[in-house]
Amino acid sequence: MDFIRELKDEVMISLGHTTADYNCAKAAMDAGAAHVTHLFNAMPPFAHRDPGVIGAALDTENCMAELICDGYHIHPSMIRAAFKMFGEERICLISDSMMATGMPDGTYE
């Protein structure tokens with residue numbers, strides 16, 4: 001957590017692709033992490049006894065949450081649920097693509 005506290009004013013600290021439990025994630029957010037990368041993806045599910053990163057993000061008012069809204073990564077009902085839980089002002093819509101998306105097979109620099 002010291003690392004997060006030290007860097008929080010210089011860079012955006014984001015949690016994602018993690019198995020952190022609620023307490024660990026909430027401690028990181030209280031230390032200055034203010035963003036969740038790829039909400040619902042590569043993290044334990046939001047559960048009533050172990051809310052994990054998702055629950056910690058919900059409990060942290062300044063925390064933004066990224067959603068990959070491509071119809072593949074997250075079911076549309078979960079996208080709607082996220083908007084209801086977080087509010088539109090705390091949701092960031094992103095893509096999981098890269099620069100070569102849509103290009104034919106090949107080697108790119």
Looking at segment 88-109 only, could you name the residues that are out of contact with any Cys (no Cβ under 9 Å at 6 or more places or on another chain) and either surrounded by 10 or more Cβ atoms within 10 Å (Cβ to Cβ) or in a helix (DSSP H, G or I) (or both)? Glu88, Glu89, Ile91, Cys92, Asp96, Ser97, Ala100
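Going by the conditions given, is Phe46 out of contact with any Ser or Thr (no Cβ under 9 Å at 6 or more places or on another chain), modelled with pLDDT of 95 or more and crowded, with 18+ Cβ neighbours inside 10 Å?
Values: out of contact with any Ser or Thr (no Cβ under 9 Å at 6 or more places or on another chain): yes; modelled with pLDDT of 95 or more: yes; crowded, with 18+ Cβ neighbours inside 10 Å: yes.
So Phe46 passes the test.
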Any residue that is part of a helix (DSSP H, G or I), surrounded by fewer than 19 Cβ atoms within 10 Å (Cβ to Cβ), modelled with pLDDT of 95 or more and acidic (Asp, Glu) - is there at least one of those in segment 14-36? yes
List, please: which pairs have Cβ atoms under 9 Å, are six or more places apart or on different chains, and start with a residue in segment 67-84 that is closer than 15 Å to Pro45 by Cα and modelled with pLDDT of 95 or more and end with one that is part of a loop (DSSP other than H, G, I, E, B) and among the β-branched types (Val, Ile, Thr)? Leu67/Ile74; Ala82/Ile74
Segment 48-73, subset part of a helix (DSSP H, G or I) and of a type in the set (Gly, Ala, Ser), residue farthest from Gly87 (Cα to Cα): Gly52
Quick check: is even one residue across segment 96-105 of a type outside the set (Phe, Trp, Tyr) and touching a Pro at 6+ places or on another chain (Cβ under 6 Å)? no
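The values are calculated or read from the model by the stated rules, or taken from the named source; none is laboratory data. The structure displayed is predicted, hence computed values, not measured ones. With ideal geometry, Cβ positions are generated from the backbone for all residues, glycine too; neighbour counts draw on all protein chains shown.
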